[in-house]
Amino acid sequence: DQQVKQNSPSLSVQEGRISILNCDYTNSMFDYFLWYKKYPAEGPTFLISISSIKDKNEDGRFTVFLNKSAKHLSLHIVPSQPGDSAVYFCAAIFTGNQFYFGTGTSLTVIP
Amino acid sequence: DVKVTQSSRYLVKRTGEKVFLECVQDMDHENMFWYRQDPGLGLRLIYFSYDVKMKEKGDIPEGYSVSREKKERFSLILESASTNQTSMYLCASSFGHFMNTEAFFGQGTRLTVV
């Protein structure tokens with residue numbers, strides 16, 4: 001059963017606007033969450049992470065929010081740029097070992 | 001910079017062949033992983049290893065085996081390739097030791113089984 005879910009397969013946003021990508025999880029034992037970005041024919045690259053003891057982490061244009069009570073995290077990209085067009089995966093881990101990935105959201109930023 | 005290198009970017013194999021996918025990491029990471037990525041299914045874990053000669057099954061281990069004889073190298077073996085194993089295969093490594101850090105991925109191997 002999928003422990004990490006991304007319910008939106010795709011998202012289109014105008015350049016300069018905010019992109020919000022969502023992720024839900026079911027296992028309350030997860031204690032670390034990550035977002036990855038993937039271009040076609042390349043491996044995923046790490047974007048940003050958040051520990052379960054925090055509710056927000058910011059890195060430049062990227063901010064991740066964690067709502068533990070709702071078992072929900074989101075990635076905000078502001079402002080969105082055409083180069084942000086890619087597939088975004090959220091992931092969760094506990095014990096520092098196995099990573100559980102969502103199914104991905106394909107973001108298209110329209111110039 | 002951490003580097004995870006997969007031996008091939010593209011492979012075409014015939015049904016029934018034994019296929020080896022190799023992965024090497026240069027950061028002395030404890031954990032190594034093999035995933036496959038298929039449209040609409042995301043990244044699914046095939047096997048992972050948290051130490052030399054140790055391996056754990058992931059979500060979809062059927063039809064695959066792995067080998068980790070050295071810390072830096074993790075091999076995925078398709079015992080008898082089938083067309084439903086056509087996919088993008090991704091290797092990753094992470095620090096381990098029960099520390100929460102990111103995993104680093106290789107560039108991927110696009111395998112086509114004909």
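Scan the range B:29-50 residue by residue and report those that are part of a loop (DSSP other than H, G, I, E, B) and either open to solvent by 70 Å² or more (accessible area, probe 1.4 Å) or at the interface with chain A (Cβ under 10 Å from one of its Cβ atoms) (or both).
Step one: list which residues in the range B:29-50 are part of a loop (DSSP other than H, G, I, E, B), which gives B:29-30, B:39-41, B:50.
B:Glu30, B:Pro39, B:Gly40, B:Leu41, B:Tyr50, listed by residue number.
Can you say whether A:Val64 is under 23 Å from B:Phe33 (Cβ atoms), facing another protein chain (nearest Cβ under 10 Å), assigned to a strand (DSSP E or B) and at pLDDT 95 or above, as far as the supplied structure shows? The answer is no for A:Val64.
Here A:Ser69 clears all of (1) part of a strand (DSSP E or B); (2) surrounded by fewer than 19 Cβ atoms within 10 Å (Cβ to Cβ) except the condition numbered (1). In the range B:8-23, the residue that is surrounded by the fewest Cβ atoms within 10 Å (Cβ to Cβ) out of those that are within 14 Å of chain A (Cβ to nearest Cβ) and touching a strand residue (DSSP E or B) at 6+ places or on another chain (Cβ under 6 Å) is B:Tyr10. Could you run through the range B:80-98 and say how many residues are out of contact with any Asp or Glu (no Cβ under 8 Å at 6 or more places or on another chain), at pLDDT 95 or above and assigned to a loop (DSSP other than H, G, I, E, B)? Residues meeting the conditions: 2. Of the residues A:Ser74, A:Ser106, A:Ser80, the single one that is under 12 Å from A:Leu21 (Cβ atoms), open to solvent by less than 20 Å² (accessible area, probe 1.4 Å), in a strand (DSSP E or B) and of a type in the set (S, T, N, Q) is A:Ser74.
Of the residues B:Met88, B:Met99, the single one that is among the aliphatic types (A, V, I, L, M), over 14 Å from B:Lys13 (Cβ atoms), open to solvent by less than 20 Å² (accessible area, probe 1.4 Å) and within 13 Å of another protein chain (Cβ to nearest Cβ) is B:Met88. Among the criteria (1) assigned to a loop (DSSP other than H, G, I, E, B); (2) modelled with pLDDT of 95 or more, the one B:Thr101 does not fulfil is (2).
Please specify each residue of the range A:32-56 satisfying the condition of being buried (at least 16 other Cβ atoms within 10 Å of the Cβ) and more than 27 Å from B:Met88 (Cα to Cα). A:Ile50, A:Ser52, listed by residue number. Would you say A:Ser28 is closer than 30 Å to B:Glu56 by Cβ, of a type in the set (Gly, Ala, Ser), open to solvent by 50 Å² or more (accessible area, probe 1.4 Å) and touching a residue at least 40 places away in the same chain (Cβ under 8 Å)? So A:Ser28 fits the description; yes.
The values are calculated or read from the model by the stated rules, or taken from the named source; none is laboratory data. All values derive from a computational prediction rather than experimental measurement. A quick note on method: Cβ atoms are made from the backbone with ideal geometry, for glycine too, and the neighbour counts reach across all protein chains shown. Calculation scope for accessible area: heavy atoms of the full protein, side chains included, ligands and nucleic acids excluded. Shrake-Rupley method; radii C 1.70, N 1.55, O 1.52, S 1.80 Å.
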